[in-house]
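J.: Below you'll find the structure I mean.
Every number in this text was worked out from the coordinates using simple rules, so none of it is lab data. Here the structure is a predicted model, which is why all the values come from computation and not from measurement. Neighbour counts run over all protein chains shown; Cβ positions are idealised from the backbone, glycine included.
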Amino acid sequence: MSVDYYHLSGVTLEPGSVIKAGNWGRVFRQAQWTHNLAIKEMALEEARLHRFPHRPSRLHSAFVFIDLMEARNFRQGTAGFQHHVLYRVSLVDPTAPWHVTDTRLSAPVGALRSDWADIYWMDFNPATIAVPGIPDWIAATNPNIQQREMITLSDLRIEEVLA
């Protein structure tokens, strides 16, 4: 039995198409330091390499949402994604390494801190882990909305075009 995941793409694809893991990294490596997210991505990769080497690199992974409503909320509320196509996808290799986090933690949020990137890689649950400044930030933004993303080294198979 396969588990449903959801993926946003600026490219129109048909059911059965495969999205290769690492596409974001390919785009990012081509742009290098001219990419507007270069400093953020390098901070995340530095934290992963030094303190969370067991996690898959964002630059080699595919990104999926684990909940349809969270995928729709992300598309609606994140600049640059409003016109992306939403797909229901499956993992080509369900055994590939993965990590689930809140996509909002992929950038500095909450209290000013130098270790902000570590929070993205932690097994973070705001209900059980106290990270100074983060619960206050979540409460101030919208405590009822999650934006969980899973990064996986698996390729993705398009199962259905949702819109």
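J.: From the set of residues in the stretch 90-117 that are of a type in the set (V, I, T) and within 15 Å of the chain's Cα centre (by Cα), which is nearest to E41 (Cα to Cα)?
T.: The first filter runs over the stretch 90-117 and keeps only residues of a type in the set (V, I, T), leaving 92, 95, 100-101, 103, 109.
So of that shortlist, the ones also within 15 Å of the chain's Cα centre (by Cα) come out as 100-101, 103.
Working: V100: 17, T101: 15, T103: 13 Å.
Here the answer is T103.
J.: Do we find a residue being among the basic types (K, R) and either more than 24 Å from D123 (Cβ to Cβ) or loosely packed, with under 13 Cβ neighbours inside 10 Å (or both) anywhere in the stretch 35-54?
T.: No, the stretch 35-54 has no match at all.
J.: Using beta carbons and a limit of 6 Å, which pairs, at least six apart or on different chains, have the first residue in the stretch 54-68 and without any contact (Cβ under 8 Å) to a residue 60 or more places away in the chain and the second one part of a helix (DSSP H, G or I) and surrounded by fewer than 21 Cβ atoms within 10 Å (Cβ to Cβ)?
T.: Note: pairs meeting the criteria are L59/G25.
J.: Condition test on G16, is it in contact (Cβ under 8 Å) with a residue 12 or more places away in the chain and either among the small types (G, A, S) or surrounded by 16 or more Cβ atoms within 10 Å (Cβ to Cβ) (or both)?
T.: On the way: in contact (Cβ under 8 Å) with a residue 12 or more places away in the chain: yes; either among the small types (G, A, S) or surrounded by 16 or more Cβ atoms within 10 Å (Cβ to Cβ) (or both): yes.
Yes: the conditions hold for G16.
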